1. Taking every Cα atom in region A:132-182, find the radius of gyration and the maximum pairwise distance Dmax, and write them in Å.
2. Pop out the ³J(HN,Hα) list for region C:99-114 in order, Karplus 6.51 cos²θ - 1.76 cosθ + 1.60 with θ = phi - 60°, rounded to Hz; leave Gly and Pro as x.
3. How are the alpha carbon pair distances in region B:1-99 distributed across 10 Å bins from zero to the largest one, expressed in percent?
4. Taking all protein chains as present, what is the carbon and sulfur share of the accessible area of the protein assembly as shown, in % to the nearest whole number, probe 1.4 Å?
5. Using the C-alpha gyration tensor of chain A, what are the square roots of 5 times its eigenvalues, in whole angstrom, with the largest one first?
6. With a sphere of radius 13 Å drawn around the Cβ of A:Gln107, what net charge do the other residues whose Cβ falls strictly inside it have (Lys, Arg +1; Asp, Glu -1)?
7. Do me a favour and compute the ellipsoid semi-axes for region B:68-159 from its Cα gyration tensor, root of five times each eigenvalue, largest one first, whole Å.
8. Give the distance, in whole Å, between the Cα centre of region D:1-65 and the Cα centre of region A:121-184.
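The values are calculated or read from the model by the stated rules, or taken from the named source; none is laboratory data. Here the structure is a predicted model, which means the values were calculated and not measured. Neighbour counts are summed over all protein chains in view; Cβ atoms, including those assigned to glycine, are modelled from backbone coordinates with ideal geometry. When the accessible area is computed, the model is the full protein with side chains, heavy atoms only, and any ligands, DNA or RNA have been set aside. Shrake-Rupley method; radii C 1.70, N 1.55, O 1.52, S 1.80 Å.
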Amino acid sequence: MRPEISRSRTWAVAAVGGVAALLTAACGSSSPTSTSNTASAPGITASQVTIGSTQPLTGPAAPGYSEIAPAANAYFKYVNAHGGVNGRKINYIYLDDQYNPTSTATQTRKLVLQDNVFAIFQALGTPTHLSVVSYLNSSKVPDLFVASGCNCWNNTSQYPDTFGWQPNYTIEGKILGQYIAQNFGSKKVGFFLQGPNDEFGADGFAGVMDSLQGKGLNVDSTPAYYTPTAAGAMAVPAAIAGLQAQGVQVIVSFSVPLFTAVAEASAAGLKYSAQFVVSNVGADPPTLAGILTGGSLGKRLPAGLIAGTISDTYLPLLTDASNPWVTMFKSIEQTYASSLPWDGNVEYGMSEAYTFVQALKAAGQNPTRASIIAAIQNSHWTDGPGLTPYAYSSSDHNGYTGVQMVTVNATGDLTTLGPIETTDDTASGAINTYSGAASTPPANGIPSD
Amino acid sequence: MLEVQELSVSYGAVHALTAVTFAATPGAITAVLGANGAGKTTLLRSISGLVKTQSGSIRFNGQELVGKTVEGIARCGVAHVPEGRGIIEELTVEENLRLATLWCLGRRERERAIEETFALFPRLTGFRRRHASILSGGERQMLVIGRALISRPQLLLLDEPSLGLAPLVTAGLMALLRDHTVGTDMTVVLVEQNARSALSVSQRAVVLNLGEVVVNDAADVVAADSNLRHHYLGF
Amino acid sequence: MRATLRNSTLVRHGLFFLALAVVLLVLTSFVFDPYTNYNVTEVAIYAICTAGLTVLTGINGQVSLGHGALMMIGAYTTSVLLTWHPDLPLILMLLASIATTGVAGAIVGLAGARLRGPYLAGATLALAVALPQVPSHFASVFGGNQGLNVPTPSPPAFLGGDFSPEQWLAWITLAAAVITFFVLANLVRGATGRRFRMVRDNEVAARLSGIDVARTQVLAYIISAACAGLAGSLFAYWVTVTSPSGFSLNLSLSLLTAIVIGGLGSLSGAVIGSFILVYLPVWTGGFASSLNLSSNVANNVPLAIYGIVLIVAILVFPRGIAGGIASIARGAARVIPSSRGPTALPAAPESSQ
Amino acid sequence: MGLFVNITLDGITNGMVFAALALALVLIFRATKILNFAQGAMAMMTTFIGFTLLNRGLGYWWALVAVLAIAFVLGALVERVLIRPLQGKSELNPVIVTIGLLVVLEGLAGAIYGNSSRGFPPAYSQSGLTIGHTKIAFSHFDIFILVAVLVLMVGTLALFRATTLGLRMRASAFSGEISRLLGVRVGRLLTLGWALAGVAGALAGFLVAPTSSFSPYFMDLILVYAFTAAVIGGLESPVGAVAGAVGVGLALSYVSGYIGSDLAPLGGFVILIVVLMLRPQGLFSFGRQRQV
């Protein structure tokens, strides 16, 4: 008998356990609060999320920008060392495209077809990323936080899986233009742009012109263009000489750092003391100084060369030691990427990585490609390093919505000029002063849900 | 004194020279004769080091030449005038001459030797500073002979100097050659297809056929042997 | 039957290329994953272009450092036509690209027929650098530096829903490659090829035997450019964006490198060279990333290895890899005289010398 | 008018820089009939070595001298190790080997120094001079470039025309076999040609680095223009190389100043084609076409 009883009890226990297991499994597949990880999407395993990116690690856009992906990766390493996201480590593969659209196209195919990434993250450059945005959307690969301010990323009907992150060039241009109209009303304004027919230069130009037109300003509306190649760099002095010949006094520059540096150096060579107003992407002082002075070697150039340059920012100033985001990122940089300089590119890369972790968390225990898109569109994140809120919604894939004007001071650091301002990318959209409070990072440095 | 012993040369599977043995004495012209492809040019090129030899030895005044570099052999006093008038067309006539003096003559001797050569070939004087490319065939031959003699060689190797020249010019050249050889300590090896004119100035003759020596005798004996002439020399 | 096989180059080549086509069809359909198909497509594109370059440089003796620019003309022909008439069939795009590039080749060839050796090299090098500036300047037609987007050709519906676009493009490209090689192999074996080689080996002799040297050289240029145009058109579909940066001097130099490393003057060398062009960077990149190096070193080691391979390959195989294989085969044939002789090498229907 | 003057001066300075590298190409072409695609990369490498020396605290002129010496050895080494074994093979083989060398050197420099651009110190001030009351785009450093390249050109000419070493070098280049038969040690002279070209290239690197973004690729484009210039000049003439280079420099400058910077390379191409169509052997060649 005994054995009988014993056996029946065993059966009972087994039955109860089995039901419980079934219940757990059922919950796991339907509820994000479950604790078991599955390979829920391409690039996602129980223990890892693989994401990919194309970056100008070499070539004409490499100065400065080549630090962005390593900086983002440093933040991911920090997150991984602290348990990852829902127990998954982030594996970030970034490939060199040399800022060459053809190479972007082939490298992106490799990431999607060979490395089987979950999403493309932080792919850098307007002309480069435009070559793959259709492919990614037709393949339903999330294309998150393109490292470029082109308005084109905000196109929810054609590119439902693509999201911008930084304020787009038109938003930025409008605020830069307003500053010029208010402060340099009597001067002749000209343009130095990447282009022609480059969305980066064109969007910025459009934004600045929105704010300048109809205000009786003296504007030379034929821009000087540069090509972002080695050959293009050689032609810059002649282009700057052309602006000088036109009597331009304020040069609005939508240029990558190397070309900002060459342009300012050319002007100095011509003893042409125009006021440079440069887009954020081409104005990071440590990057410019690095290019101009040759790092450890050269004497610093005359302070007048980059000092006085006017630009804008949408992240806290690098030198603001009282800002908790700055101190946090700086300490992560020192631990996980000590070979990188502390500059705007590193801050950019880490801030964007922070947003990605926010999105990945919001996408649930077992994220899918659709769930991360939905999570970003429905996000109303209040914490983040940016000065302004994100614009994300189901009809808007723009990221930050505004900037604060800055200038390079005599010691080569940035100081702010006035309040944070927000606007949209329509010609008529008003520019408003933003008065929301700045957020502070979570204690462990990893976004909470 | 040039002594070639058991010299063999091959290009891949083709044997160009097989166990060639002969000697050439100073103060005399030794003609090397034979049909096209008999190995005459190969013989000269192996003496001056341009062709790698397979076996055998080439001794000149007791020195072994096999294994030396081309320029090393030239500096032993061997002047080789290659087939097809080896002048450097892009240099001037004077530069062509000067080039041959650089390793063997002192600065002052050099200028004198150049003047002497122009005196020997007055026709070249007018082209002194012109590119050698404008010279006629005969003038080119004067230039190469002059250039060969200017370095005062002890062994002169001439490859087909009469090729393409008018008979009168050839005769003049041959006479000049004899005048500069007989009674001096210079050894001359003259490769010729034109056996008749070669034999007229030579003291000895070596006849090659398919890379082998078939006759090695005094020049007048060879010239007199009508059977030999008929078989190998074509006149 | 056997006699026909041996005597008619056309029939023998026809059978060979038919067999090749079947093998490729099986491989791309059942063996390769989409990424392999994507890479094989690239190999085929380069093979088409390098086959044309082989005819020009290897067989006719005219150096070109500017074939990347000719590919660019083909790519832009397709891309511009597609932006105007997106619905035109793909075959029309390919033919149009062959035509425009052929015309461009005639112009380059006419100018080039006056030039020799390093001067021709210099002129074509300058072409390779200068021509990409045209689309970057005339942005309204050519899209500037950003270039023109090209839609990936979608496979016809009857192939089923899960038939990947990569596989479809691989089919198209490999078909184009097989046809190109069939045509060129016959051309090279025939009277035209003989004329090309005579001009290469001795212009004066060719002229004396009644060959119009300039006309022959221009013809070689046209044939070569037509191949580059076809390759360029397929390249546009493959990359999906046609921008000047895709046709840098690097591309032109790589194409030349491919034919020399592969084996100058041999069509099989063009295929070998194209394989190396595509797969060597993949292998060196994989090797470098397995070493776990710092980023500067990791980014650059593949480049350095690539260069070393180029140098060593030329030093070890001065006649290219196809030449090296041929001489090893000849050596083997000499050691074992009873084994099949050179006639047993249908895979190399070139015979340059 | 001011624009024209500045554009012209800019063109001449650029042209002089191309000329330094074009002279290096001419030296090698004269010696070995090879187009050295690695010339720019070799100059890049030596300039990076100079950069390291400067960073270690060596004075500018000492660093320059050291770099020129290193370039001499590097040039000789390349000829001996990579080019010599290819003698007598297809004429394209050396081209591929030099392309391979270019890739290796750029990879090596990138691995050691990184791919980012940096600044390189000029010998003299780079800010424009003031003549009367007008500022012009011509600096002390530009004057230095002009003088250095002219000295290089005159030196090359004097070497070839007035010395017996130059005579031997020319003879070796035109006919190696005949020169050897005349006792000229041809092998050494070919090596010397490459070594001297290395020196000329290294000088070009030092002149270019401060005026462009100094990175492992900074000589690529200069090489293309230098190559164009050398071809225009006839590939064998130092004067031709300099004339061609100034022509190319001016063409680039005028096109970018008056038409559009993106079309600049077309300017170089157009003058190359015009020259070659009128004179298929370049401007200052020996006109060897008569031989054919």
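1. 13.5, 47
2. With the stated coefficients, region C:99-114 comes to 5, 5, 5, x, 5, 4, x, 4, 5, 4, x, 4, 5, x, 4, 7 Hz.
3. 14, 44, 31, 11, 0
4. 60
5. Working from the Cα gyration tensor, I get semi-axes of 47, 21, 20 Å.
6. -2
7. After diagonalising the Cα gyration tensor, the semi-axes are 20, 16, 11 Å.
8. 40
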